[in-house]
Structures are given as structure tokens and as C-alpha cells.
1. Being in contact with a Phe, Trp or Tyr (Cβ under 7 Å, 6 or more places away or on another chain), of a type in the set (A, V, I, L, M, F, W, C), loosely packed, with under 15 Cβ neighbours inside 10 Å and within 18 Å of residue 9 (Cβ to Cβ) is the requirement here; does residue 123 meet it?
2. Got at least one residue in region 130-152 being more than 16 Å from the ligand (Cβ to nearest atom), touching a residue at least 60 places away in the same chain (Cβ under 8 Å) and assigned to a loop (DSSP other than H, G, I, E, B)?
3. Please identify the pairs in which a residue from region 96-118 that is without any contact (Cβ under 8 Å) to a residue 24 or more places away in the chain has its Cβ atom under 6 Å from the Cβ atom of a residue that is open to solvent by 40 Å² or more (accessible area, probe 1.4 Å) and within 13 Å of the ligand (Cβ to nearest atom), counting only partners at least 6 apart or on another chain.
4. Only one residue in 67, 81 is within 15 Å of the ligand (Cβ to nearest atom), open to solvent by 10 Å² or more (accessible area, probe 1.4 Å), in a helix (DSSP H, G or I) and over 18 Å from residue 209 (Cα atoms). Which one?
5. Specify which of the listed residues (216, 204, 226) is away from the ligand (no atom under 16 Å from the Cβ) and either modelled with pLDDT of 90 or more or not hydroxyl-bearing (Ser, Thr, Tyr) (or both).
Amino acid sequence: MTDKRQAIALISGGLDSMLAARAVQEHGVHVEGINFYTGFCVEGHTHAIRRRDQARPKRNNALWVAEQLGIRLHIVDIIEEYKGVVLNPRHGYGANLNPCLDCKIFMVRKAYEWLQAHGFDFIVTGEVMGQRPMSQRRDTMPLVSRASGAADRLLRPLCARNLPPTLPERQGWVDRERLYDFSGRSRKPQIALAQRFGFEDYAQPAGGCCFLTDAQYSGKLSDLWQARGRRTYELDDIILLKVGRHIRPRPDFKLIVSREEGEGRFLQGYQGRMTSLSTQSHPGPLALIDGAPGPGDIELAARIVARYSKGRGAEKVELELRHPGGESRRLWVCPMRDEELPRAWIL
Ligand code: SF4
């Protein structure tokens, strides 16, 4: 049994949460990390399968951060519960389908439940006032503390001195004077602190920690809801939205066309569940058919797939149409010409 105070730190895998956890370790607090898996995380998915991103390390950044900090990491699957946050955010969406404020409240609430179940003392996040337009504003940060139930057991070490003292500060579990007063969107203070702590390598997520901040991804998710006539999703749906070109020529089906070898291999894993098209006479992509095209639309789909093959300039391209049960047939089509492919079909 330790008499050290114990903190649970939200670890996204990015620099800020890494610095926040280390800043609290500096005060002699025992820190463990918690990472929530929503299915929308940017973490090691597309760059793990795409050949283009071979140079990037294929690692789970949250685990890697935990290793750098020398802390235990708890990875918690919240896929099902998180749907409520994405589908009905009480505080609305940000610039895209990112429900950042509800998301932050939800994650801090889950961390608070964990804290209560494990007898820890406080929660640590890497939030910086003014850094994100929705969840990290002067007026929304107290809301996150309140609405999550964590109240003043939520410590944000990187901007604590811009906020009223929390319980860990008032109790002397951490020294407020040795915490930070970062604010705004500049990354310079974080980079300087990383140097001071001796961190040379860290992930630099652009724009946000999940795909919901991405305009194109959000557009594909809206399209999925519209096509299915209901706002819901399964894990496979949101994973597939990260892969390939999505082309919807008709309301009742779309094509997911691999852009390169790595994506093609990844999509092969879905051939047992979805109908697919692949070029045979020429090197080309593998495409999954999501939905139910009418018999007359199969040729249309095949022509689009042929357009993305090496046979795009040929008169005819042969493709294989394969159903999930394994039965297949071959067909020859004229590749679609660029001017026949409306821009609006490409999601
Ligand atoms: S970017 Fe995504 S994971 Fe991060 S707070 Fe917003 S919705 Fe949540």
C-alpha cells in the first residue's frame, strides 16, 4: 500500500497529455494512464495500412507515451457508449461532426468513474485554455469539470495557473507554483517543456485527435446516415470510412475503391461480408460494394472501378464480381471516362 497520492491521466498519445502526466509525476504523484478507444481515433490505423506512410512508426502512440513515462496504461473500449455522444451531442458539433465538448465531458466522466472504482485521488488532462475552439475555452473548461462530476478533482497541469485552484493544489498534493499557465493555440510552450523533460520524439496530431474533426470524413459519415435513412453506425462502418475512395453513383449503393496495395489488402478482409469487384486484365484496385445495386448498376460500378485501374485507357477491362458466399463471375466493361464521372459522386 502506497501513501503517495494517485492520479489517473487521460492519455491520447499526443504531446499535451504526455506533458501533463509528466508534470504531475514531478510532484511525486503515482500516475497511471487511461486511453479511450472510440473507433474514430486517428491513432495508427490508416498510416499502418498505407504504403505511402511506410516511414511513419506503426505504433500505438498511447502505449508508446505510457512507455516513455514509465506508467501503466488502461485502454478502455467505449465504442458502444460513445455512439450516444456522436449521434446526439447535447452541446452540438464543432466545425465538422466533432462533438468535442460532449466528448470531453464523457471521457472525463468515464475517468472519474474509474477513479472512484480504483480509489485514485484526481484526474489529469493535457487541456490548454484557448487551444481548441469548443472544449478548451475559459467558459467551457469549468463546464467539463462540473458536468463530468469530477469537479475540482480534475487538474489541468498545463494551464492550472489560469484556473481556480483545484483540490490537489489546495491539499498540497501538487505545488500550484510549479504548474503552468499555458494558453492559446501556440505550441511553443509545449515544445519548450518537452525539451526540458527530455522528450525528443512525440506524435503531432494535425487538427485533432480523431477523424470527426476531418471535413471529408464527416461528409462520408453524413452520407452513410442519409443513405441508410437512420443515424447509426457499427465499428466496421467507421473504420471503412477511413479507407479508400468512396464513390456513390446511386443512392442505394456506394463503392469503396482501394487507392493502393496496402488498402487493397485491407479491403480483402471484407470480401467474406461484402460484394467486391477487382480488375483482372489489368493491375488495379479492389472495390467493395456497400449497399444493394440493382442488376443494371453492376456494369456502372465495374466501369468506375476499371477507370481507376491501369487499363483506364484501354477499350475494355475485365473484372471479377465476387459475392460474400464465394460465387463469382467475370465481366468486360469500357472504363468510365473522366468526363462521365461526376465530381458529386466522389465523397
Ligand atoms: S477531436 Fe474527437 S476525440 Fe478529441 S475532443 Fe473532439 S470529438 Fe473528442
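The values are calculated or read from the model by the stated rules, or taken from the named source; none is laboratory data. Because the structure is predicted, anything quoted here is derived from the model rather than measured. We place every Cβ from the backbone using ideal geometry, glycine too, and count neighbours over all the protein chains shown. The protein model used for the area step is the full one, side chains on, heavy atoms only, and it has no ligands, DNA or RNA in it. Shrake-Rupley method; radii C 1.70, N 1.55, O 1.52, S 1.80 Å.
1. no
2. no
3. 102/91
4. Residue meeting the stated conditions: 81.
5. Just a single option satisfies the conditions, and that option is 226.
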